[in-house]
Every structure is written in structure tokens, then in C-alpha cells.
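Worksheet for the structure shown next.
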Amino acid sequence: MPTWVDADFPGGSIEVVRAAGRGPIELAIPEDSASDVRQWFAFRVGTGERPRDIVIQNAGEATFPNGWPGYRAMVSHDGARWSRAPTAYEDGALVIRHVPRGQATLYAYFALYPVARLERLLARVRRADHVSVGVAGESVMGRPVPLVSAGWGDRTVWLLARQHPGEVPASFVADGLLRRLAREDDDTVRFVLERARLRVAPLVDVDGAELGNMRTNAAGANLNRAWDDPDPEDAPEVHALLGAIEETGVDLFLDVHADESSPFAFAAGSEGNPSVTDELLAREAELRAILEDETRELVDEPGYPLDAPGEADLSCASNQMGERFGCPALTLEMPIKDCGDECVPAGWSPARAQRFG
Ligand code: ZN
């Protein structure tokens with residue numbers, strides 16, 4: 001039987017250039033559904049008896065080509081357990097070594113975490129008496145944007161994940177957090193919930209996740225550049241969440257992302273906000289130090305240049321929230337790569353992201 005390649009599943013995205021014959025399987029990364037961003041890929045390769053190279057020809061034309069050196073694609077034979085495939089970045093192409101096993105093999109930029117998986121988790125989480133699962137609003141395509149609430153303390157903590165749909169490690173962080181939060185007899189959970197109200201939006205760009213987009217929603221909007229003035233047509237997900245945050249207020253804001261080139265997790269804070277104070281910066285520094293100690297994933301070294309004083313982009317969620325509410329507000333960047341010994345530390349995976357959560 002001839003080799004076949006498809007992306008006909010939630011989160012799938014690939015363009016097949018040539019799959020037949022005995023040479024390499026030639027593929028290309030498509031653009032997001034309504035914008036010119038390209039980085040995310042997810043596809044299945046079926047049948048074939050011999051190992052073949054998969055060549056993603058246009059990797060060098062991706063939005064973040066600096067994400068490829070040291071990068072290894074993720075591979076799964078059952079959609080549940082994922083590992084890293086031997087991958088090379090050569091002459092602008094990403095070359096993945098395909099070793100057939102079973103009916104079909106899945107390859108993706110990072111392990112898949114589709115809406116259906118979140119729905120199964122939320123069905124379990126809502127059985128806990130102290131957790132409620134609701135909806136913040138609707139996406140461009142009419143999907144519910146889930147919102148989990150718990151806690152009865154007097155301070156409000158908001159956490160968002162996956163405003164950028166291709167940054168799937170953020171979904172695994174939210175998954176780990178929600179599993180822990182749903183435990184009935186957990187002293188740490190109780191301690192937190194007695195002191196704080198938690199609001200968790202675990203999958204903000206719910207359409208983008210299903211469409212197989214990297215960075216934009218179904219209307220082509222980059223949701224983490226919409227927080228200064230969210231358009232209810234183009235960015236209804238942010239419009240709804242901002243309304244919900246204004247209702248509750250916020251004392252601590254966390255926004256989970258993943259960075260394509262950083263080999264470690266790091267946090268960006270309010271350092272560039274026009275009205276930031278030394279006191280707020282000290283609180284954010286304290287929070288970073290706690291996260292470093294507790295998770296052993298976060299490194300106190302930015303993965304990109306931090307904003308100069310007064311230069312913050314207030315269309316980003318954490319900057320907007322820090323500026324508007326004067327609270328600690330961090331963008332948490334997980335790695336996507338696992339680059340072996342050059343990483344701090346090596347072996348980044350969905351399970352590690354869950355533990356971080
Ligand atoms: Zn992001």
C-alpha cells in the first residue's frame with residue numbers, strides 16, 4: 001500500500017507536497033487559517049514498511065525559524081504517549097526520521113491537546129464540590145471558552161492558558177493545575193482556596209486549537225495583542241474574559257505561554273509598564289523566586305529582551321492587567337524544545353508541563 005499523509009483531525013495542519021515514491025516524504029507547513037503565521041504542524045503518516053525521511057521543506061520560512069535549531073519533533077503511535085523523533089534542521093528544511101510502526105504514526109510540533117481532551121478533564125473536575133466549570137463567552141466560531149472557578153478567599157487569582165493555540169505546553173500546565181485543584185483532600189489546595197478565589201481559563205483560543213493554528217484565532221487575531229481594546233467581532237474570547245476579570249478584579253494574574261526558541265521556562269513581568277512601582281517589581285521578583293524554587297523549571301533569565309521602562313506593549317494580557325489593576329502579572333513561558341544537554345534541564349515533555357501546573 002502506498003504511504004499516505006493526512007491532517008484530518010482536530011489540531012491537524014500540513015500540506016502534502018509529495019508522499020508517493022521511494023524518496024523522502026515532502027511536506028510544507030501551512031499558514032494559520034486566517035493569518036500569515038506559520039509554525040505549527042501536526043499530521044499522520046500511514047503504512048510503508050521502510051524508514052523514510054520526512055522533509056518539511058519550508059521550515060526556514062516559518063514565523064520563528066530560530067525555533068528549529070536543536071528542535072526535535074514529537075511523535076506518537078497512539079495519540080496519548082509522545083516522545084521526540086530524531087530531527088535535523090538543514091538548509092531551511094526540517095528533516096524528521098520516520099520509522100513506521102502500526103497503522104499510522106502521528107507527528108506534531110508539540111503533543112496534541114485538543115478541545116475534546118479538555119472537555120473530558122472538565123467533566124471530571126466539575127464533580128468536585130468545591131470546583132465549578134462555566135463559560136466565559138463564545139469564540140469567533142461559537143465554541144464556549146471554558147472558565148473554571150474555585151475558592152472563597154478574599155483575593156482573586158486569574159490564570160489564562162493557550163491564548164496562542166500552538167503553544168500547547170500551556171494546555172498541559174493548565175491540565176496539571178486543574179487535576180490538583182479538583183482533589184478533595186489536599187491540604188495545599190484547601191490552604192489556597194481559603195485565601196483566594198481562582199479563575200482559570202484553560203484554553204482561550206479554542207478555535208485556533210481545533211483549526212491547527214499557531215498564533216491566531218479563527219478571525220486571524222493574535223489574542224495576546226488584543227487586551228488594550230478587544231474587538232468583540234475579531235477577539236470575542238478576550239472581550240469576554242476582560243469583562244469577567246473586570247467583574248472580579250484581580251490580585252495576581254498569570255498567563256501561560258510557550259516560547260519556540262527558549263530552552264527553559266521563564267517569566268516576563270510588569271517591568272515595562274508606565275505606572276509600575278518598585279514595590280510591585282519586588283513582589284514579582286519574589287513570586288519568580290518562589291516559582292524557581294518550587295518548580296525547578298523556571299530560570300531567572302529572560303528568554304527575550306525584557307521591556308524597557310515605560311515601553312511595555314499594553315495589548316499583551318499580563319502588561320494590561322498589571323497596569324490596570326496594579327497587581328503582580330506574569331507571562332509564564334514554557335519551553336517547546338527539548339534540546340538535550342543544552343537545556344536547563346533536559347527532557348522537557350507534556351508530563352513535565354503538567355507537573356509545573
Ligand atoms: Zn504565546
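Some notes on this structure:
- Taken as Cα centroids, the range 118-185 and the range 215-270 sit 15 Å apart, rounded to the nearest whole angstrom.
- Rounded accessible area per residue of the range 187-329, 1.4 Å, Å²: 41 Å²
- Dipole orientation for the chain: of the candidates Ser315, Ile290, Ala346, Ala346 has the Cα lying most toward the positive pole (charges on Cβ; Lys, Arg +1; Asp, Glu -1).
- The alpha-carbon atoms of the range 259-319, seen along their principal axes, cover 31, 27, 17 angstrom, with the largest extent given first.
- Taking amide H as placed 1.01 Å from N in the peptide plane, the amide H of Val256 sits under 5 Å from that of Leu160, Ala161, Arg162, Leu332, each at least 5 places away or on another chain.
- Computed helical MRE - 222 nm, the chain, DSSP H runs ≥ 4 contributing -39500 (n - 2.57), nearest 500: -7000 deg cm²/dmol
- The range 163-281 shape via C-alpha gyration tensor axes, a/c threshold 1.5: rounded
- Result for the chain in a Gaussian network model with C-alpha springs under 10 Å: among Gly23, Gly166, Gly212, the largest mean-square fluctuation is at Gly23.
- For the range 38-152, the solvent-accessible area works out to 46 Å² per residue, with a probe of 1.4 Å and every protein chain left in place.
- For the chain, the dipole from Cβ point charges (+1 on Lys and Arg, -1 on Asp and Glu) about the Cα centre works out to 1860 debye, to the nearest 20.
- For the range 104-179, the square roots a ≥ b ≥ c of the C-alpha gyration tensor eigenvalues yield an a/c of 1.5 or more together with a/b exceeding b/c, which makes the shape prolate.
- Kirkwood hydrodynamic radius of the range 1-110, from the reciprocal of the average inverse Cα-Cα distance over all distinct pairs: 13.9 Å.
- The range 111-152 - percent of accessible surface contributed by carbon and sulfur, probe 1.4 Å: 50 percent
- For the options Val173, Val135, Val256, a Gaussian network treatment of the chain with springs between C-alpha atoms closer than 10 Å singles out Val135 as fluctuating the most.
- The overall shape of the range 211-357 is oblate: from the C-alpha gyration tensor, with semi-axes ordered a ≥ b ≥ c, the ratio a/c is 1.5 or greater and a/b is no larger than b/c.
- Within the chain, antiparallel bridges make up roughly 65 percent of the DSSP beta bridges whose residues both belong there.
- Just so you know, the Cα atoms of the chain work out to an Rg and Dmax of 20.3, 66 Å.
- DSSP bridge analysis restricted to the range 1-65 gives an antiparallel fraction near 70%, rounded to the nearest 5.
- Here's the picture: charge each Lys and Arg Cβ at +1 and each Asp and Glu Cβ at -1 in the chain, and of Pro146, Leu112, His239 the one pushed furthest to the positive end of that dipole is Leu112.
- Cut-off 11 Å between beta-carbons: net charge of the residues surrounding Val192, Lys and Arg +1, Asp and Glu -1: +2
The values are calculated or read from the model by the stated rules, or taken from the named source; none is laboratory data. For clarity, every value in this text was computed on a predicted model and none was experimentally measured. Glycine also receives a Cβ, built like all others from the backbone with ideal geometry; neighbour counts cover every protein chain displayed. The protein model used for the area step is the full one, side chains on, heavy atoms only, and it has no ligands, DNA or RNA in it. Shrake-Rupley method; radii C 1.70, N 1.55, O 1.52, S 1.80 Å.
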